[in-house]
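Okay, structure first, notes after.
Read-outs throughout are calculated quantities, based only on the coordinates presented, and are distinct from any laboratory measurement. Just so it is clear, the model here is predicted, and its values are computed rather than measured. Please note: Cβ atoms are built from the backbone with ideal geometry, for glycine as well, and neighbour counts cover all protein chains shown.
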Amino acid sequence: MSVLIKNMEMPMSCESCPMSHYIIETITGCNITKGKEYVEKEDRDFWYNDKPSWCPLVEVPTPHGRLIDVNELIPVLAAWIVSEDDFQAVLDAVKRIPTVIESEE
């Protein structure tokens, strides 16, 4: 499960992230990963200037419209569109729409 925090800006680095904390003086942990990921003192560029590749935060671009589950939309389209060619054209158009948040298990 994921959580969207409305009106929160994407932190540019671990330093500006409210989810980071010091484990010990030389290691900074991530509250989201519950200690499974951390930044060591040697990797402090991430702390001050960047995010590590394992960072679980995902930016949701704004402005954006309603975020829906497209897999729920497909059966509705199939029920309303009579022609197979028209359905395929609409389905292809839907698949070209950019993904804002990836699907989860």
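Listed values, structure above:
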| read-out | value |
| --- | --- |
| Convex hull volume per residue for the chain, taking Cα atoms only, in Å³ | 128 Å³ |
| Between 0 and 90°, nearest 10: helix 70-80 axis offset from the chain longest Cα axis | 10 degrees |
| Simple label model, 7 Å out from Cα along Cβ direction - Val58 to Leu73, nm | 1.6 nm |
| Kirkwood Rh and Cα Rg combined as Rg over Rh, evaluated for region 61-105 | 1.02 |
| Separation of the Arg66 and Gln88 label points, Cα + 7 Å toward Cβ, nm | 2.9 nm |
| Degrees between helix 84-96 axis and first principal axis of the chain (Cα, 0 to 90, nearest 10) | 20 degrees |
| Net length gained if the chain between Met10 and Trp80 were fully extended (0.36 nm per residue, minus Cα distance) | 21.2 nm |
